[in-house]
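Trainee: Structure incoming, see below.
The values are calculated or read from the model by the stated rules, or taken from the named source; none is laboratory data. Everything numeric here is computed off the predicted structure, so don't read it as measured data. For neighbour counting, all protein chains shown are included, and Cβ atoms are generated from backbone atoms with ideal geometry for every residue, glycine included.
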Amino acid sequence: MARLFNGTVLTALAAGFVGGMLAPVLLPNASKVARPFAKGVIKAGLSAYERGREQVAEWQEAAGDLIAEVQAERQQERQASPFRGTEVLGSAGAVRATDADTDLAERLRYDA
């Protein structure tokens, strides 16, 4: 307990108390300046947040369009493939019959 009230802690407590008591006397107009500044900071933060949300929405839309385009291309490639219904296994080139409807993208879409 004596260590808590050594010179450093006691000095810090005294300085904090004196500063708290003198602040209204020395800085009476501080709140008049600080409030508009704080409002400006909050406005800027809200503006940046809204712009960020808009940008993320645009990115999501672009990604969704890209995914839909790739899925359509894959579907066309699968239908046009001469090896439709087969799957090549490993480097030896073994072929196994598969069901074209069990494509990973379709399974993910049906599971969701």
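Trainee: Can you confirm whether ARG74 is charged (D, E, K, R), at pLDDT below 95 and touching a helix residue (DSSP H, G or I) at 6+ places or on another chain (Cβ under 9 Å)?
Mentor: Working: charged (D, E, K, R): yes; at pLDDT below 95: yes; touching a helix residue (DSSP H, G or I) at 6+ places or on another chain (Cβ under 9 Å): yes.
Judged against the criteria, ARG74 is a match.
Trainee: Then there's this: So is GLU106 within 34 Å of the chain's Cα centre (by Cα), surrounded by 10 or more Cβ atoms within 10 Å (Cβ to Cβ) and at pLDDT 90 or above or not? Talk me through it step by step, then tell me what you get.
Mentor: Details: within 34 Å of the chain's Cα centre (by Cα): yes; surrounded by 10 or more Cβ atoms within 10 Å (Cβ to Cβ): yes; at pLDDT 90 or above: no.
Spelling it out, it is not the case that GLU106 is within 34 Å of the chain's Cα centre (by Cα), surrounded by 10 or more Cβ atoms within 10 Å (Cβ to Cβ) and at pLDDT 90 or above.
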